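A.B. asks: Can you read through this structure? Questions will come right after.
Read-outs: derived from the displayed coordinates by stated rules, not from any lab. Owing to the predicted nature of the structure, the values given are computational and were not obtained by experimental measurement. Glycine also receives a Cβ, built like all others from the backbone with ideal geometry; neighbour counts cover every protein chain displayed.
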Amino acid sequence: MRINFSIIVLLFSSTLFCQNTSCLEFKTGKYIYSNPEYTNWTITRTDSTQIETNNKTGIEIISTIDWISDCSYILTCKSVSTTNLTNIIGKVFHVSITETSKERYKCVSKRNDVQPKDLFLEMIKIK
């Protein structure tokens, strides 16, 4: 019985470790959304900055990105290139990666005062 319990703990721990290790692959890069509603947007992420660009309108949203764990980060909007979105400057978005695969990850952006409900997204790494 003790051996079975040890094996279960080991398997559970290795699953968590693999999940966290996979998240590390998405800290930087270039992404698109899988959701057709956001097909015009491209996201470019460095260690500390995320730039979201609408390829159709040219709108650009620049945010700082602070990783609070391997699979969770905080985006703080610093600037936008249009006056229509100035209400998001200074707003904070808490994002958690919930699932990873080779070139994709699923995440949830928690609701806040500009986003009335949790937003579930899938990102595709293109570079």
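A.B. asks: Spot the failing condition for ILE61; the list is (1) outside any loop (DSSP other than H, G, I, E, B); (2) loosely packed, with under 15 Cβ neighbours inside 10 Å, and only one is missed.
C.D. replies: Of (1) outside any loop (DSSP other than H, G, I, E, B); (2) loosely packed, with under 15 Cβ neighbours inside 10 Å, only one is false for ILE61: (2).
A.B. asks: I'd like the residue in segment 98-112 that is in contact with a Lys or Arg (Cβ under 7 Å, 6 or more places away or on another chain) and over 14 Å from TYR33 (Cα atoms) and, out of all such residues, is surrounded by the most Cβ atoms within 10 Å (Cβ to Cβ).
C.D. replies: THR98
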